Every structure is written in C-alpha cells, then in structure tokens.
Amino acid sequence: MDPTLLDFLLTFSAILWEAMPFIVVGAVIAGVLEEFLPQQFITRILPPRLLPSVMVGAGLGLVFPMCECGIVVVMRRLLRKGLPLACCIAYLLAGPIINLVVIFSTWFAFRDHKIGPEMVGLRCGLGFLVAVVTALIVHWQYRLYGSDLLTPLAHPRPPGKNNLSPSTSSSSESVGRRTLFQRLSHISATALHDFVDITVFLILGAVLAAVAKQYIAPDEVERLSREAPLLVIGGMMVLAALMCLCSEADAFVAASFTSLHISGKLAFLVYGPMIDIKLMMMYTRIFRPRLILIIFTAVTIQVFLYTALIHLIYQLNGWTGLPG
Amino acid sequence: MISCDDWPVFSERQQSAQTQLQHPGVYTMTDMPDHTHEHHHGHHHHEGEAISAYFTEQLLTILVAGLFGFVAIQMYRGGMLNNLLAPQFHTWVLAGGIAIMCLVILRAVAIWYEAGLLQAHAGHVHIHDGHLHVHSHDHHHHHDHDHDHGCGDHPHTHSNKQREAETEQIHAHEQAAPSPPAAPEAPISQHGHAGHHNETDSEEEDEEVDHGHSHDLSWVMARLLVLIFPVSLYFLGLPNATYSKERQLRMLGQESSLGAELLQELAKDAEIVEEKTLEDGSLQRTLKTKTGLRLLETRKPDGSQPRLELLGGEGRRMRFNDLNDAAFDEAKRQSLQGQTAILEGRFRRLGDKEFTLFRLKMTCCAADTVPLRVRIVVPQALSGFQDFDWVEVKGQIQFVKVPGQERYLPVIMVADITDVRKTEPKGEYEL
C-alpha cells in the first residue's frame, strides 16, 4: 500500500485512540452530572461577580484535571446545568494547561534544557491570561446574543424549571422514586449519546489533522525561527493547530525544537491546547459558528501578542531564550 | 440517547401547522428542553414509522458503540497499540473499551425493557422525536414506570390529566437540526423554542423538513459511516507499522556532516597519560583529551604525521534518550563524555566515515513522534550498510557543539570499524 496513505492512517489512528479513553471518561462524567447534579447548583457555589468567577473557572483545572478532549464533553452538560458561559470558556481554555499533570510534564520536558520552571510559569501565566480575557469577551458577546451562541444541546435550562423545583409535585416525587436501574439507564444513555456524538467529530478532526500533518515539516519551521522570530511565532501556532497534540505530550514536541526561541515554544504550548483542528470540530457540538469564530480570533490575537511581547522582553534583556 | 438532538423527523413534519406553546411542565417531565414534543394521537402511520426508526437508531448506536469498545479491547490484546500509543496509554484504551462495553450492555438491557413495554402497551405508545412514550390509562401501572425519561429514549407514562393537557398543547422546543458531518459549521437550527426563537434558522429549517425521514436517516447513516471508519481499519489490520521511511527521513531533516577532521580537532588539547617507545623506535603515547576522549598516538621515527587511534573499551548499553537529554546539561555532559557506550538503532549515512544512528521516540501517541539521534564517527570508510539497517555501535561518547548553534550533539567515536555491526531489528520506539 502507498506509504503516504499508511502514514496518514497511522497519524489518524494515533490521535483517535489516544483521545478515545478520555472521551469515555468525559462521557461517563457527563452522564453522572446529568443525572445527579442539581440544576443551578454550580451557580450557587461560584462567586457571584463576573471576574472572580471567571478566574475560578480558569483555575478549576487544578482541582478537576481534564484533558482538552474530555473537557468538551463535560462542558456541554455543565452549560445545561447552568454553569455561566464565561466560566465555561475559561475552564475550557485554561483547564488543559493549568493542571498538575500538564504542569509536571511541561517541567519534565524542559528540565534538561534548564528552562523548566520558566516554561511552566510562562505557559500557565499566559494560558490563564488568554483564558480569562477570552472569557470576558465571550461574556460581553453573550449579553448581546444570548443563547444563540450555543447549540441547542448546550442551552442552559431556564431557571426555575428544574427537576428540584417544587412547582411540579410529580417530578419531585419521581426524583426520589427512581430506581438504581433507571438511574444507570439514564447515565448510560447520556454517556453513550455524548460519546458517539463527540467521537464523530473527533474522527473528522483527526482526519483533517492527519492530512495536514502529511504536509508539514517541523524542521522547516525551526529553520525559519533563526531568520524571522515573529513569523515563527505564527508558524508555531499554525503547527500547534494542525498537529492536534494532547496537552500532556506537546511540551516534549516543543522541547524537540531545540534551537527555537522560547517565544515560539510558548506560542506552540499555549495555543495548541486551546485551538486545534480536532478541538474546533468538537466545539461545533457546543458552540455556534459565531462563538467559535469569536474564541478563535480572541485566542489567536492574544497568544500572538503576548508571545511577541515575551520575545521582545527577552531580547531587550539579552536573554537567549535557548536551552543552556 | 443518541437520538435526542438528532431526530427532528417525526415532529418537524407535523409541526408546521401547529401553534407552538410551551408546556409548563415539560422540563420536569422530560428533563430535556431541547426537543420538540408533540403528542399526536391517532397518527398511527407516523407512530409506527417513528417507533421502528427509534429502535433502529438505538440499536445502531448500541452496535456502533459496542464495536468501538470491542475494537479498543482487541487492539489492546492484539498489540496493535504498540505502533500507536506510548505504553502508559494502553491500559487507558483497554479501560475505555471496557467502560463502553458496560454502557452498551446497560443500554441494551434498557432498550430490551422498552421493547417489552412497547408490546405490553401496543396502541398507547408513540415517539416524541427520540422519546418513547407509553400512554397508559391504568393509574396503577402509571406508577410503575413513571418519569422514566432522560433524554427521552425511555418509556413514558402519563396520567390522564397530563394527557389531556398534552393533546391540546404542543411542546415545541428547540432542537438540533441535522447537519451533515462534512459541513459541521452549517447552522444548527432551533425550532420554535420559546424564549430564543431564531427566525433565519427556521426558514432554512423548513426546507430541511421537507426531506423528512430520508434526510434524517441519511444523517444518522452518515454519522455511523464516520464511526465505522476506524472500526473497519482495525479489521483491515491497519495501521500495522510505524511511519514510512520517507516520513522518517523527513523527520530527521537535513543533517550536516561534522567533517573528517573532528578527531584531530578533539585531540588538540590532549594531555599525556602514558608514554612508551615501541621496538621499531616509534613513540606511542596514550592521550586523554579535555573532553574525556582516550586516544593512542603513534609517532614513527621518520617524522611523518602521527597516527591517532581511539582506545576501545568494554562499554555499556545506553539509551538514546539519556544521551539526547544529557546534551542539554553541562554536568551530565561532563559525566558521560569519555565513557564507552553501546547503542542500537537505525543507520543513516552522512559520509564515508560518518553516519547518524537514530531511533524514534513517542511521548503519548505516534502523532508526537520525534527522532532521537546520535552521530557516529568511524575511523575508516564504512561500507556494506544501507540506510535503515539496524546497527549496533560501540564507542566513546563525546558532545560536539553544532557549528553556528548553541547546542550540543551527542557523538560516538568508534575505535575500530568492527565495532559497527548489523544487528537484529528492535522496536522502532525507544520508550
């Protein structure tokens, strides 16, 4: 068989089967949340003011670590349960970066390059900043357009019409009467639905990513970096979007670009977990195209600006930004 | 449960003429605001179709999810994951497969139970787009399976009172319209959802509605086809190897030769460890360079160019990972250089006396594969080796600064050409 086709199938299968277990985890969590989490419960425990609640959302990954694939599945259910959209965006974007597993793997990947703590700090810091600012932008848009930004399945249920409200006696009775079998049946139904639903788009994303990967040579990006640093930041962002790496693994790939300036690596590491082909396909199951475009634009511009700024700071201070 | 947001069929077609009112109790009734609930009693033709479509679709979901789980488990057992994922993720795939199988079994039992219910209540059952509703006139029975409905693929029973209300009111909620998987950015439309009704979308939607069942089934079929793709790959036994040679060469990229003068350069600052005169009058000195390289220098009495040889040694097996990591660390470089290493990897010729030995490394999955390489310098011209041959090499470790760059390259200086020999193929990946 044609080796190019086999390479394509290998990349495709690798991305798919790597993400599959985490989609299952996400789907089971989604099923359990759907069944047991009381409506509007999250709103009650979140800080009432916008900025603190968004910041809590961005830092939530430290408490509930999830990779970017699983997060998408869970988010849709949480949105339905009344999690504010801005919070959801903050967690969605920052969660895959600001969690202990990823922090450790980032530190580990750059440990021998002597820039471990630096990379971890900058990656988390930028991830947090980008997530919070994007969440605030989304919040502003949400006030303009409301739930039209979301796909129907992600619409929050109107307040007051939840299964805990005493307004309808029949339902509150039924909650207590549900048998274990019924509960399991519901959980399995939600989980299977979400699994199949998201997996379809994961597969499509993996196909696109695998096609794109056929045509990129990371080597050339690295060569470019010595000539045009600003161009390379953009180049690394494109690379991150096309490669669809798991946020646990991308630090090792970034570290393999040994002669790349730290700003290029950061662009790769901050952008990748937020925006990539596979994620964009999966986002279509929660967000309408308009919202996806908003997120995409906000994240892209910010990551570029911040990493360019960091490049400038390194240059002004005479730091090489290269492994010792 | 797959059906809730993707089965607009039944109601959409019937919906257009009806007034859209929001049923106050609907959220609590169904737990799902995003579905169009219409209760059409007497449309038995549609009901029958709807029910069979509902079961078809449910069974297909169970089938395809079950296949997915089966393939995940089989890939773990058959070792097919070795080319795809790093070992720490193999167990995850197995666990994921088992979890899906459990869900599938649970779901199958629930569907079987629903089917049983369907038979028992023939004539009182209908589908509200994805929800199987059993209308019982029997109040006792009603309590047996009341509110057995999440996203609606569960049997419902309604009290007579509720039914009266339902016959008058259509619960039109929004609903995901079928959007073909190839064009997911196509707007997913809303339907008459009280509160946020989207007019532009509804217009588009009306056109879609005309396609009726066929359109919707084709959407489900399209999704199933997408899901079947990776499953069928497994049954074809693909992918069964790592990246092609062309791809590996591209990963390795351009490598420039360090040059034949490397040994002379490294020997410049050597200090003499031992000195002796041989029988033929030539002077033999054992040298040790600052980089830890142990050399044997022979000067003939005729004053010709001295001959430099590397000293061999016992050597120990080392990993590409360790050598590559050490290249970034001054202390590690110091401690490793001069040691004799034995390394196995694939061959890639760079020159007469120089080649790259490489192995692949993956952190999580094949998509993050990077080549790990060590430069090998041999004293005499090397022949009989082809690119991608598996080769075992023994020699002294050095770290050489890459010209024009701030990084070091691990190099193995081979004392004798016999220290390079073909070996049995190993796993592609050094883990």
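Take the Cα of A:Thr43, go 7 Å toward its beta carbon, and the backbone nitrogen atoms of the range A:90-107 under 19 Å from that spot belong to A:90-91. Mean residue ellipticity at 222 nm, helices only, chain A: -24000 deg cm²/dmol; runs of at least 4 DSSP H residues each add -39,500 (n - 2.57), and the sum is divided by the number of residues. For a modelled paramagnetic label at B:Leu283, 7 Å from Cα along Cα-to-Cβ, the residues of the range B:301-317 in reach, with backbone nitrogen under 14 Å, are B:301-307. The calculated FRET efficiency for the pair A:Leu316 and A:Leu230, based on their C-beta separation and a Förster distance of 25 Å, comes to about 0.95. In this simple spin-label approximation, B:Asp387 and A:Arg143 carry label points 7 Å from Cα along the Cα→Cβ vector, and these lie 6.1 nm apart.
In the assembled protein chains, A:Asp2 presents an accessible area of approximately 90 Å² (probe radius 1.4 Å).
Could you sort out which of A:Lys213/B:Lys361; B:Lys276/B:Lys353; B:Lys353/B:Lys422; B:Lys332/B:Lys422 sit more than 20 Å apart by Cα distance in this structure? Intermediate values should be presented prior to the final figure.
Numbers: A:Lys213/B:Lys361 17 Å; B:Lys276/B:Lys353 30 Å; B:Lys353/B:Lys422 16 Å; B:Lys332/B:Lys422 29 Å.
Too far apart for the 20 Å limit: B:Lys276/B:Lys353; B:Lys332/B:Lys422.
Given R₀ = 25 Å, FRET efficiency for B:Phe229-A:Leu293 by Cβ-Cβ distance, to 0.05?
0.35
Accessible surface area normalised per residue over the range B:234-379 is 49 Å², counting heavy atoms of protein chains with a 1.4 Å rolling probe.
Only Cα pairs under 8 Å and at least 6 apart count here; give the relative contact order of the range B:376-420 as a rounded whole percent.
The value is 50 percent.
Please report the relative contact order for chain A, taking Cα pairs under 8 Å with a sequence separation of at least 6, and give it as a percent rounded to a whole number.
24 percent
Residues in the range A:29-130 average 35 Å² of solvent-accessible surface per residue, probe 1.4 Å, ligands and nucleic acids excluded. When you restrict to C-alpha pairs under 8 Å that are six or more residues apart and normalise by the size of the range A:1-84, the relative contact order lands at 50 percent.
Rounded to the nearest 100, the interface formed by chains B and A buries 7700 square angstrom of accessible surface, both chains summed, with a 1.4 Å probe. Spatial offset of the range A:31-55 relative to the range B:330-401 amounts to 54 Å, using the alpha carbon center of each. To the nearest ten degrees, helix A:68-80 and the longest principal axis of the Cα atoms of chain A are 30 degrees apart.
In plain terms, the chain from B:Leu296 to B:Ile417 could stretch by 42.0 nm, reckoned as 0.36 nm per residue minus the Cα-Cα distance.
Can you list the residues of the range A:282-324 with backbone N under 18 Å from a point 7 Å past the Cα of B:Gln405, pointing along Cα to Cβ? Residues passing the 18 Å test: A:320-324. Applying 1/(1 + (r/R0)^6) with R0 = 25 Å to the Cβ-Cβ distance of A:Arg223 and A:Phe304 gives a FRET efficiency near 0.75.
The values are calculated or read from the model by the stated rules, or taken from the named source; none is laboratory data. Given the structure is predicted, the values throughout are model-derived calculations rather than measurements. Here the Cβ is made from the backbone with ideal geometry for all residues, glycine too, and neighbour counts use every protein chain on show. Quick note on the areas: whole protein, heavy atoms, side chains included, nothing else; ligands and nucleic acids left out. Shrake-Rupley method; radii C 1.70, N 1.55, O 1.52, S 1.80 Å.
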